[in-house]
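Remarks on the structure that follows.
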Amino acid sequence: MAVQQPLTVQGAASSYPVIVRPGALADALPVLVREHRFSRAIVITNTTLAPLYGEPLVEALPDATLITVPDGEQHKTLDTVSRLYADLLAAGADRSSVVIGLGGGVIGDMAGFVAATFMRGIAFIQAPTSLLAMVDASIGGKVGVDLPQGKNLVGAFKDPLAVIADTATLRTLPEIEWRCGLAEVVKAALIADPPLLDHLLRHGPEPADDVIRRAAAVKIGLVEEDRLEHGPRAFLNLGHTFGHAVEQVSGYAWKHGEAVALGLAAAARLSEQRGLCASGLAGQVESALAALRLPTRYTDLDPDDLWRAMQHDKKWRGGAATFVLLHGIGQPVIVPDVPREDVIEVLRTLRTEP
Ligand SMILES: NC(=O)c1ccc[n+]([C@@H]2O[C@H](COP(=O)([O-])OP(=O)(O)OC[C@H]3O[C@@H](n4cnc5c(N)ncnc54)[C@H](O)[C@@H]3O)[C@@H](O)[C@H]2O)c1
Ligand SMILES: [Zn+2]
């Protein structure tokens, strides 16, 4: 087997590797932890993943403790964080300890926030186990939790020492989570890697490790260019302005990845409607999404409600309707002041009668 060069991310102070391969939890992670001679290794995971991957991992690590939280976004809160601080202290964690976040994006965000704040910050390792976390959430240093008023309203930037993505763990990932992760892979391809889209379509819905690496590389490229999110990192918002509105208006009945898929279809349509790209782009994007069994149409929501929800978008400075659109595949562009009528028109064309 060819030895894979690890991807690396240039963080705030130093660079860190992103290792994507099966078996990395059993070999790369224990080696890394031993090298650093941490006083303790605290593995934070959830009740679903603890028996599958958490317990074997703490067995393989020196001086390790497993801390388990309930599964689900509803537990990504300050309440859980304060329970975690108490558990860290009870486990004897100190400034020379390391926190390892083992799970999907919920665990990575929350464990990273704990590592960023416990004793003013201790070492952190991301061990993503969902496709979405491998290609998106574990990269870029954003960590945080939700408030009752909204998602990700409290957080920090915390670079990990490494991202260790053991792709063997994906075998147990539920099918719906696969598809949601694929929506972010399609997004990465549309932003910066056109051949990745063809590759995905040829190989079907089960992405190989190199697909994950390529999607991760797109995110790495953008966050390196723009660590604090003033410029090109905003391209990562492709499909997300529509997507967040769909999640909200549906009361989160639409999962994030499904909503992003619909949002990618909407962004492609809006690009075409405004004459930014050649006609045919929207059809191409929609057939790619459909081939991956992702939604490109909706029935249950009202276009005006979606427009209203978009106006609360954190990224619409001063309320101007700003969208990431496409000049073509691999050519994103930020377009401010898109008129309401244009957006509503696109939303109408994507709505089908029940
Ligand atoms: N920090 C960032 O830059 C960033 C970027 C994107 C998303 N996020 C955050 O990520 C979160 C979403 O992440 P997610 O989609 O991974 O959701 P998640 O963490 O809730 O995981 C989805 C489900 O899959 C399960 N799961 C994960 N890996 C598994 C495996 N290998 N086998 C079996 N089950 C497994 C989890 O237990 C959970 O039930 C959101 O909170 C979002 O805000 C953060
Ligand atoms: Zn997303």
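Net charge dipole, the chain: roughly 520 debye, given to the nearest 20, about the Cα centre with Cβ charges of +1 for Lys and Arg and -1 for Asp and Glu.
Computed from backbone phi with θ = phi - 60° and the Karplus coefficients 6.51, -1.76 and 1.60, the 3J(HN,Hα) list for the stretch 243-248 is x, 4, 5, 5, 4, 5 Hz; x is used for glycine and proline.
Scaled to the compact-protein estimate 2.2 N^0.38 Å, what is the alpha-carbon radius of gyration of the stretch 92-200, rounded to two decimal places? Its radius of gyration relative to the 2.2 N^0.38 Å reference: 1.15. Backbone N atoms of the stretch 61-95 closer than 18 Å to the 7 Å Cα→Cβ label point of Arg34 belong to residues 61-65. The calculated P(r) of the stretch 236-309, using every Cα pair and 10 Å bins from 0, goes 22, 52, 25, 1 in percent. Once you divide the Cα radius of gyration of the stretch 94-147 by 2.2 N^0.38 Å, the number left is 1.06.
Taking one quarter of the surface of the C-alpha convex hull of the stretch 7-172 gives a mean projected area of 8.4 nm².
Highest mean first, the peptides 209-217, 269-277 sorted by other C-beta atoms within 10 Å per residue fall in the order 209-217, 269-277.
Taking the 0 to 90 degree range and rounding to the nearest ten, how far is the long axis of helix 78-90 tilted relative to the main principal axis of the chain, both from C-alpha atoms? On a 0 to 90 degree scale, this one is about 20. Each residue of the stretch 117-125 is assigned a 3J(HN,Hα), and the resulting list reads 10, 4, 6, 6, x, 10, 5, 9, 10 Hz, derived from the Karplus form 6.51 cos²θ - 1.76 cosθ + 1.60 (θ = phi - 60°), x at Gly and Pro.
How large is the dipole of the stretch 3-136 about the Cα centre if only Lys and Arg carry +1 and Asp and Glu carry -1, each at its Cβ, rounded to the nearest 20 debye?
Values: 8 positive and 12 negative charges, 70 e Å.
Around 340 debye, computed over the stretch 3-136.
The dipole here belongs to the stretch 25-88: it is taken about the Cα centre, uses +1 on the Cβ of Lys and Arg and -1 on the Cβ of Asp and Glu, and is about 200 debye.
Largest first, the three principal axis extents of the alpha carbons in the chain are 59, 47, 39 Å in whole numbers.
Among DSSP beta bridges lying fully in the stretch 7-172, give the percent that are antiparallel, nearest 5. Expressed as a percentage, antiparallel bridges in the stretch 7-172 total about 30.
Near the amide H of Lys158, within less than 5 Å, lie the amide hydrogens of Lys142, Val143, all on another chain or at least 5 residues away, with H placed in the peptide plane. Can you give the relative contact order of the chain as a percent, counting alpha carbon pairs under 8 Å and 6+ residues apart? It comes to 14 percent, rounded to a whole number.
With no solvent and one point per C-alpha, what does the Debye sum give as log10 I(q)/I(0) for the stretch 279-335 at q = 0.17, 0.26 Å⁻¹? One equal scatterer on each Cα of the stretch 279-335 leads to -0.82, -1.06.
Here His312 and Arg120 are evaluated by their C-beta separation; at R0 = 35 Å the FRET efficiency comes out at 0.60.
Residues whose amide H comes within less than 5 Å of that of Leu7, counting only those at least five positions distant or on another chain, are Val18, Val20 (H built at 1.01 Å from N in the peptide plane).
Peptides 145-155, 294-304 ordered by packing proxy, namely the average of other Cβ atoms within 10 Å per residue, highest first: 294-304, 145-155. Summing Lys and Arg as +1 and Asp and Glu as -1 over all other residues whose Cβ lies under 11 Å from the Cβ of Val33 gives a net charge of +1.
Taking the alpha carbon gyration tensor of the stretch 175-349, multiplying each eigenvalue by 5 and rooting it gives semi-axes of 23, 19, 16 Å, largest first. For the listed peptides 278-289, 257-268, a ranking on the average number of other beta carbons within 10 Å per residue, highest first, reads 257-268, 278-289.
Computed from the coordinates by the stated procedures, all read-outs in this text should not be read as laboratory data. Since this is a predicted model, take the numbers as computed values, not measurements. So basically every Cβ, Gly included, is an ideal-geometry build from the backbone, and we count neighbours across all protein chains shown.
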